[in-house]
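Following: one structure in structure tokens, then a few remarks.
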Amino acid sequence: MTGTPQIGRGRKGALFLWLWKGVKVALTVAVTFLGLLLVTFAISRFMSVDPVLRAVGDRASQSTYDAMFLEMGLDRPVWEQFWIYLTNVLSGDLGSSFLTKRPVIDDLARVFPATVELATVGIVIGTLFGIPLGVISAVKQGRAIDQIVRVLGLVGYSAPIFWLGLLGLLLFYAQLGWVAGPGRIDIAHEYSFTATTGLLLLDSAMQGAWAAFGNALSHIILPGALLGYFSMAYISRMTRSFMLAELAQEYVTTARVKGVPEWRIIWVHALRNAAVPLVTVVALSYAGLLEGSVLTETVFAWPGLGLYLTNSLQVADMNAVLGGTLVIGAVFVSLNLLSDLLYTLLDPRTRRQVRP
């Protein structure tokens, strides 16, 4: 008779705990996004670029200037201007681009898939090579292979990425002809399939346009490998650090005493525990590639978010710059949230349980 109410209370307590965690996560995301909006609003209002002139042009009459000034709400108090900006952003209105003469939200929807595709190729390459190299480097600590991996990581982490990109184009495109040149796809293949998702590799493969798929792959492999090398340097270094910490734990010694095979100790037990913090490392690396591939996209003329922001900055197109900044901030917030959720799922110690 006394056990049933306790179980009920335990289940209710666990449900309340998960709901409370969800509320805290939602509040954290909301406050973070509000802070991002405050920063972008401040940039738009306190920079030397006149938004009215950008909208009407340098040759507009004073009456046209004054009308646009009132229409943009610049005569209102700052708090009211921020409220208008907030409501516009939440409704998907980021203004129009001075450069393209189109809504910024449409431009971002057009260019962001190209950046996602490039960054995804980069993080896949970086993860597939970075984690095994980090594990091997930790296992062979102090030996030749460890020194080689650390030097490769140091070069990838410190060498200017635009310099590596130019060298890659010179060697693999201009001299050897192994890969296609700048751009995303040749015009001969651009209209051989329908770009439904904006991810050319996925769209061409799903529609069976294998010639276009091969051409798109030839274009993306060099910049993707470059970003993959950059992320591999960071991931391998962090993997090595986490594995060294795990291999020094008592459970590893106990497993060796019990006669557990060394490969199982390393690749199953130690790596499984090291994978928990590695989730955050990979997620942040992916976010960095999504927002930090500006130089790579510029060198390879890749029509993504980085090139879009670069061109917008050159002509002081603040609506486009601030819209891109919001997208980048939203990506970081989303990937941080995702990594926290995965961290909780992978490590039971981080989950508080209410026992009945």
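Note on Ala30/Val78: beta-carbon distance plugged into 1/(1 + (r/R0)^6) with R0 of 25 Å gives a FRET efficiency of 0.70. In a fully extended conformation the segment linking Val257 and Leu338 would gain 25.4 nm over its present Cα-Cα distance, using 0.36 nm per residue. A Gaussian network model of the chain, with springs between Cα atoms under 10 Å, assigns the largest mean-square fluctuation among Val31, Val257, Val333 to Val257. Taking 18 Å as the straight-line reach from the Cα of Lys258, the aspartates and glutamates in range (excluding those fewer than 8 positions away in the same chain) are Glu246, Glu250. Per residue, the convex hull around the alpha carbon atoms of the chain comes to 223 Å³. Remark: spin-label model distance Ser241-Phe69 equals 5.3 nm, labels positioned 7 Å along the Cα→Cβ axis. Amide hydrogen proximity for Ala301: with H placed 1.01 Å from N in the peptide plane, the residues at 5 or more positions away or on another chain lying under 5 Å are Gly183. Distant-in-sequence amide contacts of Ser96, defined by a placed amide H-H separation under 5 Å and a gap of 5 or more residues or a different chain, comprise Val104.
With the chain treated as a Gaussian network of Cα nodes joined by springs under 10 Å, which of Tyr234, Tyr343, Tyr191 yields the largest mean-square fluctuation? Largest GNM mean-square fluctuation: Tyr191.
No value in this document is a laboratory result; all are computed from the given coordinates. Given the structure is predicted, the values throughout are model-derived calculations rather than measurements. So basically every Cβ, Gly included, is an ideal-geometry build from the backbone, and we count neighbours across all protein chains shown.
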